[in-house]
Amino acid sequence: MKVLVIGGAGYIGSHAVYELIRDNNEVIVMDNLSTGKENMIHKSAKFYLGDITKKEDLDKVFDSEKNIDVVMHFAAKLIVPESVKMPLEYYYNNVEGVRLMLDAMIRYGVKNVVFSSTAAVYGEPIKPICEEDDITLPINPYGASKLATENMIKWVCNAYNMNYCIFRYFNVAGADKSLDIGLDKDNLTHLIPIVTQTILGIRNKMKVFGDDYDTPDGTCIRDYIHVTDLALAHILGAKYILNNNKSILVNLGSNNGYSVKEVIDAASIYGKVNYEIVERREGDPAKLIASNSKAKDLLGWIPKYTLDDMIKTDLEFRRKINNK
Ligand code: UFG
């Protein structure tokens, strides 16, 4: 496949690029390097500096690169609490950016799109495990912007005879086995990297946002997925829509969840995690777990990596970048 990866210098995008290259695909990366880093882009991928909210940047890539089979989109803003404070930035980047990307795909005749959506579209789920047909009622602007984009993609693919593969990610963590790429950002907000930073002494203490949720230990439960498992799903999803000329929407989770305290306990084998319980964080649902039977049935996708793999690879990656 010839694949254009938009956002291929970011955390998840760079892992997708690594797996696509390991799977012998031709990879083009477009990224504005707002949060992504150039050194995260695999050396075998061709790189274009560009922003999806700029039509001329998109046209430059599509003018130069003929016969793209699939566009994969990772160029989103994705921090839940930030989205609560800056909703318009989230709508602009996550919805308007994809509108322009789809417009370019239509003009240049590119027929297949793989889109990163999120478990946040389910909001506060009413069932213990989310299934793809469940009601979607996001409780934060991040989830709302992704749901709006999902719907836009569906209508556009319907109107222009295109195919989509929409993935709803749950909580992504970990780093590539090479340790060349991982989550390398300032001002981290995600749980696992904050836990590993605390183990490494980069933070003295971490905060647990609320222990009065309706869960067994009172802390929020999430479904954690290793970034390599997620990246591999993108290859399977792209091949599926290409070969079957069909659109799909699939959860990427593990059927299983861990509470914040359980994650801290699991990480404690690598070192002490000092923490304090503080107020709840705005926009956090109590529990989010994905059914992954659809991913298994349609794509044969089964997550291989465990919570320990996520903690261990993130810890090793963080140790490596910290010692540079
Ligand atoms: N948490 C803490 N302390 C921290 C950081 C996080 O207690 O320092 C808690 C949060 O309150 C939450 C849980 O750990 O209960 C997980 O929080 P993250 O920030 O790691 O992840 P979120 O669940 O908020 O969101 C992530 C992605 C979204 C995605 C969602 C889907 O950022 O893009 O998972 O489940 F939509």
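The values are calculated or read from the model by the stated rules, or taken from the named source; none is laboratory data. Since the structure is predicted, the reported quantities are computational estimates derived from the model, not experimental observations. As a convention, Cβ positions derive from the backbone with ideal geometry for all residues, glycine included, and neighbour counts pool all protein chains shown. Remember, those area values only see protein heavy atoms, side chains included, never the ligands or the DNA or RNA. Shrake-Rupley method; radii C 1.70, N 1.55, O 1.52, S 1.80 Å.
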Of Ser64, Ser44, Ser34, the only residue that is open to solvent by 20 Å² or more (accessible area, probe 1.4 Å) and at pLDDT below 95 is Ser34
Only listed residue being under 21 Å from Tyr305 (Cβ atoms), away from the ligand (no atom under 16 Å from the Cβ), not assigned by TED's automatic domain parsing to the domain that holds Thr118 and not small (Gly, Ala, Ser), chosen from Leu232, Leu179, Leu236
Leu179
Go over the candidates Ile153, Ile139, Ile166 one by one and state the one that is within 15 Å of the ligand (Cβ to nearest atom), in contact with a strand residue (DSSP E or B) (Cβ under 6 Å, 6 or more places away or on another chain) and among the β-branched types (Val, Ile, Thr).
Ile166
Would you please name the residue that is farthest from Tyr305 (Cα to Cα), looking only at residues in the stretch 217-227 that are of a type outside the set (A, V, I, L, M, F, W, C) and open to solvent by 10 Å² or more (accessible area, probe 1.4 Å)?
Asp217
If you scan the stretch 201-216, which residues turn out to be within 15 Å of the ligand (Cβ to nearest atom) and open to solvent by 10 Å² or more (accessible area, probe 1.4 Å)?
Ile202, Arg203, Asn204, Lys205, Lys207, Phe209, Asp211, Asp212, Tyr213, Asp214, Thr215, Pro216
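Report yes if Lys77 is surrounded by fewer than 22 Cβ atoms within 10 Å (Cβ to Cβ), in a loop (DSSP other than H, G, I, E, B) and modelled with pLDDT under 95, otherwise no.
Numbers: surrounded by fewer than 22 Cβ atoms within 10 Å (Cβ to Cβ): yes; in a loop (DSSP other than H, G, I, E, B): yes; modelled with pLDDT under 95: yes.
Yes, satisfied.
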Just the residues that are within 16 Å of the ligand (Cβ to nearest atom), in a helix (DSSP H, G or I) and more than 29 Å from Ile248 (Cβ to Cβ), please, taken from the stretch 276-316.
Ile311, Asp314, Leu315
Considering only residues that are charged (D, E, K, R) and more than 21 Å from Leu298 (Cα to Cα), which ones fall in the stretch 114-141?
Glu124, Lys127
Out of (1) among the aliphatic types (A, V, I, L, M); (2) open to solvent by 30 Å² or more (accessible area, probe 1.4 Å); (3) touching a Pro at 6+ places or on another chain (Cβ under 9 Å), what's the single condition that is false for Ala173?
(2)
Residue check, Ala120 surrounded by 24 or more Cβ atoms within 10 Å (Cβ to Cβ), under 19 Å from the mean Cα position of the chain (by Cα), part of a loop (DSSP other than H, G, I, E, B) and touching a residue at least 12 places away in the same chain (Cβ under 8 Å)
no
Over 15 Å from the mean Cα position of the chain (by Cα) and free of Cβ contacts under 8 Å to residues at least 24 places away in the same chain: is that true of Leu102 in this structure?
no
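Taking the stretch 80-90, which residues are within 16 Å of the ligand (Cβ to nearest atom), surrounded by fewer than 18 Cβ atoms within 10 Å (Cβ to Cβ) and part of a helix (DSSP H, G or I)? Step through it out loud before you land on a result.
Initial filter on the stretch 80-90 (within 16 Å of the ligand (Cβ to nearest atom)): 80-87, 89-90.
Now drop any that are not surrounded by fewer than 18 Cβ atoms within 10 Å (Cβ to Cβ), which leaves 81, 84-87, 89.
Selection gives Pro81, Val84, Lys85, Pro87, Glu89.
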Just checking, does the stretch 59-71 include any residue being in contact with a helix residue (DSSP H, G or I) (Cβ under 8 Å, 6 or more places away or on another chain), closer than 20 Å to Leu242 by Cβ, within 16 Å of the ligand (Cβ to nearest atom) and not acidic (Asp, Glu)?
no
Inside the stretch 108-124, can you point out the residues that are of a type in the set (Ser, Thr, Tyr) and within 14 Å of the ligand (Cβ to nearest atom)?
Ser116, Ser117, Thr118, Tyr122
